[in-house]
Structure formats: structure tokens, C-alpha cells
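Participant: Can you read through this structure? Questions will come right after.
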Amino acid sequence: MRHTAALILPYYGTLPNYFPLWLKSAGANPDFTFMLFTDCDMSGYNVPENVKVIHLTFEGLKKLIAPHLDFPFVLETPYKLCDYKPMYGLIFRDWLEGYDFWGHVDPDIVWGDLGRFITDDLMDNYGRLYRRGHLTLYRNTPDVNGFALHGLPGWNISYRDVYRTGKYAGLDENVLAERLFSRFAYGGGGNIT
């Protein structure tokens, strides 16, 4: 694989009992960097070389989000982070420098051979690969990274509404995310689902 990709997983709370399987499957994909932002104790885990553990508190994460929103936002529980996934390119930009793509992943997936499905040909031609919360990749460019902070034409809800409530809106994988990205015109291609 010629392109580089960082797959982001913020995790707060107690890691699930199957997390060693997630780590092992991530390690079996050395062409991808997995970034785990967490306050969990990782000392008892066998962390593969391509899994970067970044110790960050939940409060520290909120401080990373604040500069990107010009209004008071609500983030009371880690689950609400699902709505913030489309903003990860902005939130974690300091860690994403040098990567061609960034993505968000979930901890309850045991990965197969990602390189069989995420190919250079796809990465050459699309601004976004896949569209579900458990695995979505975005081209790491300023315009793509900021797509989530645009309005939704014809809708009575906006990203501001999503971030002003503690309720999960599904911005990572439902029609709101699709509408947000669909109105964004990436010069090198569109979406692949």
C-alpha cells in the first residue's frame, strides 16, 4: 500500500474483555496506523507496533474540540463521541500530519486484511471511503477535514444542533453525515460506500 492511513479510536471507560482480539487484528494490518486516545491503563496489554497509544483524559479531549466550535457544545458521555467522529480530522490534526487519510473505527471489530479492501486505486480516486461509524476513511486535506462544519441545505437541523445536545444523533453514520459529505465536492473524486 502506497498511501498512509491513521485510524482513530478514542476510548474512555473500561476496555471490553475482547479488546486483546482487537489489538491483535489491528497488529495484523501493519500498513495502517491505529491511534488509541484513552485514559485506560494499557500496561497489561500486548500493544502492536502500529497501534499508537496516546494518553488523553476525557477532559483533555474536550479541550481539543473547543477551538473548532464557536459555541458551547455538549459532550457528557464517551458514547456521544460518535457524533464527533466526522470532526476527527480537525480534532486530532496534530497527530495526523503526514498521513494521506484518516479514519474512525470502533473497538468491537476484529479486523481482517484491510489492504484487500482499502486499495491504492480507491485512495487515489475518492475523498471518502465507506460511510459507517465502525470504519470510515477521509482524505487528509483541510477542505475534507472541515466538511462536518457546514450547513445542511433544506434541513431544519444543523451540526450546531447536533453538538448542542447530549443526545446521540448518529452523525457518524446516518443521513446527516451523508448529506454533509455529499454536498462537499472533492476534486479528485467523491464517495465510495
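Participant: Any residue at all in the stretch 165-185 that is modelled with pLDDT of 70 or more and aliphatic (A, V, I, L, M)?
Facilitator: yes
Participant: Can you name the condition, by its number, that LYS63 falls short on among (1) crowded, with 19+ Cβ neighbours inside 10 Å; (2) farther than 23 Å from TYR130 by Cβ?
Facilitator: Unmet condition: (1).
Participant: PHE58 - would you say it is aromatic (Phe, Trp, Tyr), closer than 27 Å to LEU21 by Cβ, surrounded by fewer than 15 Cβ atoms within 10 Å (Cβ to Cβ) and without any contact (Cβ under 8 Å) to a residue 60 or more places away in the chain?
Facilitator: Considered against the rule, which asks whether it is aromatic (Phe, Trp, Tyr), closer than 27 Å to LEU21 by Cβ, surrounded by fewer than 15 Cβ atoms within 10 Å (Cβ to Cβ) and without any contact (Cβ under 8 Å) to a residue 60 or more places away in the chain, PHE58 comes out as no.
Participant: Next up: When the residues of the stretch 98-145 are narrowed to those that are outside any helix (DSSP H, G or I) and of a type in the set (Val, Ile, Thr), which ends up farthest from the chain's Cα centre (by Cα)?
Facilitator: Out of the qualifying residues, it is THR119.
Participant: Looking at the stretch 51-76 only, could you name the residues that are outside any helix (DSSP H, G or I), closer than 14 Å to TYR163 by Cβ and of a type in the set (Val, Ile, Thr)?
Facilitator: Across the stretch 51-76, the qualifying residue is only VAL74.
Participant: Do you know which residues across the stretch 76-99 are buried (at least 19 other Cβ atoms within 10 Å of the Cβ) and free of Cβ contacts under 8 Å to residues at least 60 places away in the same chain?
Facilitator: GLY89, LEU90, ILE91
The values are calculated or read from the model by the stated rules, or taken from the named source; none is laboratory data. Not measured: the values here are computed from a predicted model. Note: ideal-geometry Cβ built from the backbone for every residue, glycine included; neighbour counts use all protein chains shown.
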